[in-house]
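**Q** Right, I'll just put the structure down here and ask away after.
What follows draws every value from the coordinates through simple rules; no lab data is involved. Fair warning: this is a prediction, and the values are worked out from it, not measured in the lab. Cβ sites come from the backbone with ideal geometry, for glycine too, and all protein chains shown count toward neighbours.
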There are 2 protein chains.
Amino acid sequence: MKIALDAMGGDFAPTSTVAGAVAALEKDHDIEIILVGDQARIEKELAHIEVATALRKRFTIHHASQIVDMADSAIDAVRRKKDSSISRAVDLLANGEAEALVSAGHTGAFVVAATLKLRTLPGIDRPGIATVMPTEANPFLLIDAGANVDSEPKHLLQFGIMGSVYSSKVIGRKNPRVGLMSIGTEAGKGNELTKAAYEELSRARINFIGNVEGHDLFNRPVDVVVCDGFVGNVILKTSESLAGAIFSWLKRELKKDLVRQTGALLAKEAFYTIRRKTNTEEYGGMPLLGVNGICIKAHGNSSSKAIKNAIRVAREAVAHKVNPHIVEEISRHGQS
Amino acid sequence: MKIALDAMGGDFAPTSTVAGAVAALEKDHDIEIILVGDQARIEKELAHIEVATALRKRFTIHHASQIVDMADSAIDAVRRKKDSSISRAVDLLANGEAEALVSAGHTGAFVVAATLKLRTLPGIDRPGIATVMPTEANPFLLIDAGANVDSEPKHLLQFGIMGSVYSSKVIGRKNPRVGLMSIGTEAGKGNELTKAAYEELSRARINFIGNVEGHDLFNRPVDVVVCDGFVGNVILKTSESLAGAIFSWLKRELKKDLVRQTGALLAKEAFYTIRRKTNTEEYGGMPLLGVNGICIKAHGNSSSKAIKNAIRVAREAVAHKVNPHIVEEISRHGQS
């Protein structure tokens, strides 16, 4: 399985991406990686890493002369920087030279390039970013986490179906519970968008459990949470920010005197367990569901470990035939 | 200063409300409280509490025969239950028999009753719920936290002006920084609503710092965060849910063995500090800004302590003349 990696995307690229690619190749023997980006810089990174000859055969470099900058507008970036690493990585997918792509770069450019060059799957109007939200007992999938800013009810319906397929086929949940993010759990609660989406989701062949609200998210078992990309992005970033703030605060409080420091030392395994289970590096990649190709977005601040895990997510999505399953479910919905 | 208290509103009413009223009277000597609700039940609660004679003179009971149930629709509740404790409490405000009201009951009925009976302030189209979000260094005001579900740019502008006035006059922030909740900090980022609201807020006589996003909320200093009520409610409830989930999880992890338990015991002051500073009971009340009267919403699960603090919030809002200041700022904006 060939996976194209945007070697220049992300805050720590190409160091993180090249190291992540090597780690992924060491872990999974059935993949090959195409490093897309500035050949000289990639080779320089590779020179710092000891790579076994057998492993070296499993990656190639595909030169791309440009890099999308975080300050670029998404559409401009795709239109004007035709030889950017992200555009070229998408081209490899579009041409059939790769089966999946991974990028930790500019989210907007990633979404626009994938949507324009790969097109959406039959029956899908807009792709949605799905992201796994860690919780103590039951991590859930949030879709759309920010591919779109203004959505219509039918888009939310499609996110629900795609999220359900991904949860069941890749994450392995049986008959995944799909909730609609709203304010108030009763059917009539919400804004114009969610009230109309509620009707559509009720008629879909998914296990729709109705509205879920913020109070439920980390308490009530739900497998897929559907919302528009604006709300989803707010939930994702607010949650990351709040969790980070709580732990930083706790750390400072625990350092304030020797008694607390001793206590923290004794209790450290408790903190480590939570940190491990909520580490976004472990989740690594967010699939852009609905485009005609497997495209995985890694966090902008991805470490090599996060890149390695995003590559794993790409591999799983291909292996579990996510897109054929989505097409099948959407087509069934259209016929019913 | 007379404050009307919806004695029947909230999960633990009337026990929590009556006890909260007594505690508020003990604390602040310049207030009188009108307990609005079922006279027999209120008197029964009072019978359980030892109340000094001097203090007893400072409250009266205003009988109301009905209670808005959490399952009622907001508009139906206000139309059909004319003798509900919340409606009667608003009546007291409308008639000038009270200067402020506090309710821990049905949020929708509270907003609808206040808006219909009191009307909005001149220049304000819709009221917004403002809530203080606790953080380590710089608690911020979030507006609208859920009074409305669908908002227009001018509503967000008005929320920004009202939030700025409240932050400055009641919370005491100098030249409060007002941010617009969006996805991405650049001016062009966001959905249709926030892009248009950005323009309006830029022209207002407030210290508008532009877009803020979820990643900033608990890290970057901002005094007022403006958003539509759907997004605000999602932020409020998601944050409460996540913070609660993290601490419950931590508690379970810390109990897993004797070493961790010992550590937790030594470090307990660190946990207590954070719990105290993030305790919603301390914040107590969320003002519904923009209606012609001081209306404070307390959390549905308010304890007597939370009710006491919500009464304090009501008292402060009256004392600091929030509404005259809002009218003045809105009128200035209209003239500029």
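**Q** With +1 on each Lys and Arg Cβ and -1 on each Asp and Glu Cβ, how big is the dipole of the protein assembly as shown about its Cα centre, in debye rounded to the nearest 20?
**A** That gives the protein assembly as shown a dipole magnitude of about 1060 debye.
**Q** Search the structure for amide H atoms under 5 Å from the amide H of A:PHE59, placed 1.01 Å from N in the peptide plane, and list their residues when 5 or more places away or on another chain.
**A** A:ILE33
**Q** Distance between the C-alpha centers of segment B:185-264 and segment A:94-157? Whole Å please.
**A** 23
**Q** What residues have an amide H closer than 5 Å to that of A:LYS2, excluding those fewer than 5 places away on the same chain, when H is modeled at 1.01 Å from N in the peptide plane?
**A** A:GLU32, A:GLU99
**Q** Going by how many other beta carbons lie within 10 Å of each one, how would you line up A:ILE246, B:ILE67, B:ILE311, fewest first?
**A** Lowest to highest Cβ neighbour count: A:ILE246, B:ILE67, B:ILE311.
**Q** Also: Net charge near B:ARG56, counting Lys/Arg +1 and Asp/Glu -1 over other residues with Cβ under 15 Å of its Cβ?
**A** Local net charge: -3.
**Q** Using a 7 Å offset from Cα along the direction of the beta-carbon, what are the separations from B:PRO221 to the same position in each other copy, nm, ascending?
**A** Values, ascending and in nm: 4.7.
**Q** Still on this structure: Please report, in debye to the nearest 20, how large the charge dipole of segment B:128-280 is about its Cα centre when each Lys and Arg carries +1 at its beta carbon and each Asp and Glu carries -1 there.
**A** 760
**Q** Related question: What is the extension gain from B:GLU192 to B:ASP28, computed as 0.36 nm multiplied by their sequence separation minus the C-alpha to C-alpha distance, in nm to one decimal?
**A** My answer for the length gained is 54.4 nm.
**Q** Taking amide hydrogens as modeled 1.01 Å from N in the peptide plane, which residues meet the under 5 Å criterion relative to A:ALA298, leaving out close sequence neighbours?
**A** Counting only residues 5 or more places away or on other chains, the set is A:SER103, A:ALA104, A:GLY105, A:MET286.
**Q** Using the basic label-point model (7 angstrom from Cα toward the beta carbon), what is the B:ASP76 to A:PHE247 distance in nanometres?
**A** That separation, rounded to one decimal, is 4.6 nm.
**Q** Next question. B:LYS154: which aspartates and glutamates have alpha carbons under 18 Å from its alpha carbon, excluding same-chain residues fewer than 8 sequence positions away?
**A** B:ASP125, B:ASP144, B:GLU192, B:GLU199, B:GLU200, B:ASP228, B:GLU328, B:GLU329
**Q** So what are the ³J(HN,Hα) numbers for segment A:93-107, from phi and the Karplus equation (6.51, -1.76, 1.60; θ = phi - 60°), rounded to whole Hz, Gly and Pro as x?
**A** So the Karplus estimates, Gly and Pro as x, are 6, 5, 7, x, 7, 9, 9, 7, 9, 10, 9, 9, x, 3, 4 Hz.
**Q** Given the rule -39500 (n - 2.57) for each run of at least 4 DSSP H residues, summed and divided by the residues of chain A, what is its mean residue ellipticity at 222 nm, to the nearest 500 deg cm²/dmol?
**A** Calculated at 222 nm, the ellipticity per residue is -14500 deg cm²/dmol.
**Q** Something else about it: If you rotate chain A onto chain B, whose Cβ in A ends up lying nearest the axis, and how many Å away is it?
**A** Chain A residue with minimal Cβ-axis distance: A:GLY263, 2.
**Q** By a straight-distance test (C-alpha under 25 Å), which lysines pair with A:LYS2 as possible cross-link partners, with residues fewer than eight away in the same chain excluded?
**A** A:LYS27, A:LYS44, A:LYS57, A:LYS81, A:LYS82, A:LYS117, A:LYS169, A:LYS297, A:LYS305, A:LYS308, A:LYS321
**Q** Another one. In nanometres, what is the gap between the two model label sites at A:LYS305 and A:ARG56, each 7 Å from Cα along Cα-to-Cβ?
**A** 2.9
**Q** So, one more: Given a Förster distance of 56 angstrom, what is the FRET efficiency for B:LYS268 paired with B:HIS63, based on the Cβ-Cβ distance and rounded to 0.05?
**A** Taking R0 as 56 Å, the efficiency between B:LYS268 and B:HIS63 is 0.75.
**Q** From the backbone phi of segment A:320-328, what are the Karplus-calculated ³J(HN,Hα) couplings (6.51 cos²θ - 1.76 cosθ + 1.60, θ = phi - 60°) in whole Hz, Gly and Pro given as x?
**A** 8, 6, 4, 5, x, 5, 5, 4, 4
**Q** Determine ³J(HN,Hα), in whole Hz, for all residues of segment A:300-317 in sequence, where each value follows from phi through the Karplus function 6.51 cos²θ - 1.76 cosθ + 1.60 and θ = phi - 60°; x replaces Gly and Pro.
**A** x, 8, 4, 7, 4, 5, 5, 5, 4, 6, 5, 5, 4, 4, 4, 4, 5, 5
**Q** With 10 angstrom as the radius, rank B:ASP216, A:ASP144, B:ASP125 by how many other C-beta atoms surround their C-beta, starting from the fewest.
**A** Ascending Cβ contact count within 10 Å gives the list B:ASP125, B:ASP216, A:ASP144.
**Q** Provide an ascending nm list, one decimal, of label-point separations from A:ALA187 to the equivalent residue in each further copy; define each label point as 7 Å from Cα along Cα→Cβ.
**A** 4.6
**Q** Right, something else. Taking +1 at the Cβ of each Lys and Arg and -1 at the Cβ of each Asp and Glu, which of B:GLN261, B:ASN207, B:VAL291 sits farthest along the dipole of segment B:172-329 towards its positive end, judged by Cα position relative to the Cα centre?
**A** Working it through, the farthest residue towards the positive pole turns out to be B:GLN261.
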